[in-house]
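Okay, so here's the structure we're looking at.
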Amino acid sequence: MIDEFAKANLHGRLRRDRKALLWKLDGLSEYDARRPLTATGTNLLGLVKHVATVEARYFAEVFDRPSPEPLPQWQDSNGSDLWATEDETRDQIIAFYRRTWEHSDATINELPLDAPGHVPWWPEPYADTNLFAIMVHVLGESIRHAGHADILREGLDGRTGLRAEHEMQIDEEARAAYCAKIEQAARSAAPIKALGTRA
């Protein structure tokens with residue numbers, strides 16, 4: 001009973017975060033969806049491609065259920081799953097992610113939580129694992145990258161939130177006042193440099 005509850009709960013959260021990650025692309029130009037937004041090149045479409053690749057590896061190879069997606073050997077990973085080339089369309093990457101969901105969901109639905117798996121890119125003694133551990137790991141990856149996407153999208157156009165139906169109209173004046181309050185608190189807490197003079 002507890003296993004089925006745990007599996008359903010983890011699976012439900014994974015589905016929620018998949019949708020949230022894709023929503024972060026809605027309404028963006030091709031350039032804004034792809035361009036590097038951090039010093040390390042993190043970008044929104046690349047996050048989707050990366051999370052799709054993570055799922056494709058963990059819910060396929062680990063359980064000897066080959067992914068229908070063509071993936072390079074894990075040993076050959078060169079970071080190309082973190083950005084979209086000029087030849088890859090947004091629709092292709094989103095479709096890859098959705099097909100990966102189907103394959104991952106089939107693995108999750110068909111195997112018990114204690115189903116054994118082997119992660120060849122994990123060090124010993126951790127390489128031998130089970131479905132429960134992989135679900136927790138992939139959910140952690142998805143949540144982490146959905147959080148990255150939240151910040152990147154907010155930086156692009158101010159849009160925030162987990163789901164479209166909960167998005168509120170942006171109140172620029174209220175946001176500016178809120179940020180000013182935080183800025184003032186930060187400045188007040190910062191140590192004051194000694195000026196070498198007495199008051």
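What to note about this one:
- For residue 7, a cut-off of 13 angstrom between C-alpha atoms picks up these aspartates and glutamates, skipping any fewer than 8 places away in its own chain: 105, 110, 114.
- Cβ-based net charge around residue 115, under 13 Å, with every Lys or Arg adding one and every Asp or Glu removing one: -3
- Fraction of accessible area attributable to carbon and sulfur, the chain (%, probe 1.4 Å): 57 percent
- Counted charge near residue 29, where neighbours are those whose Cβ lies closer than 15 Å (Asp, Glu -1; Lys, Arg +1): 0
- For the stretch 1-66, the direction-averaged projected area of the alpha-carbon convex hull comes to 6.1 nm².
- Counting Cα-Cα pairs of the stretch 105-170 in 5 Å increments starting at 0 gives whole-percent bin shares of 4, 14, 16, 16, 12, 10, 10, 10, 6, 1.
- With the charge dipole of the chain set up from +1 on Lys and Arg Cβ and -1 on Asp and Glu Cβ about the Cα centre, the Cα lying farthest toward the positive end among the listed residues 152, 22, 137 is that of 152.
- Charge dipole (debye, nearest 20) of the stretch 1-71; +1 at Cβ of Lys and Arg, -1 at Cβ of Asp and Glu: 200 debye
- Taking all Cα pairs closer than 8 Å and separated by 6 or more residues, the relative contact order of the chain comes to 25 percent.
- Sequence-distant residues sharing a close amide H with residue 130 (under 5 Å, placed H): 117
- Exposed loop sites were defined as chymotrypsin sites (Phe, Trp or Tyr not before Pro) in DSSP loop states (anything but H, G, I, E or B) carrying at most 16 other C-beta atoms within 10 Å; in the chain the longest segment without such a site runs 1-120.
- In a reduced charge model with +1 at each Lys and Arg Cβ and -1 at each Asp and Glu Cβ, the chain shows a dipole moment near 980 debye about its Cα centre.
- The stretch 139-148 - phi-based ³J(HN,Hα) in whole Hz, Karplus 6.51/-1.76/1.60, Gly and Pro as x: 4, x, 4, 5, 5, 4, 6, 5, x, 4
- Per-selection Rg to Rh, the stretch 36-143 - Cα, Kirkwood hydrodynamic radius: 0.98
- For the stretch 66-196, pairs of C-alpha atoms spaced more than 22 angstrom apart make up 61 percent of the total.
- The modelled label-to-label distance for the pair residue 114/residue 176, using points 7 Å beyond Cα in the direction of Cβ, is 6.1 nm.
- Reachable aspartates and glutamates from residue 181, criterion Cα separation under 15 angstrom, eight or more residues apart if same chain: 172, 173
- Between 181, 49, 19, the Gaussian network model of the chain with springs among Cα atoms under 10 angstrom shows the greatest mean-square fluctuation at 181.
The values are calculated or read from the model by the stated rules, or taken from the named source; none is laboratory data. Keep in mind the model is a prediction, meaning the values are calculated, not measured. Don't worry about glycine lacking a Cβ; one is built from the backbone with ideal geometry, like all the others, and counts go over all protein chains shown. With ligands, DNA and RNA removed, areas are computed over all heavy atoms of the protein, side chains included. Shrake-Rupley method; radii C 1.70, N 1.55, O 1.52, S 1.80 Å.
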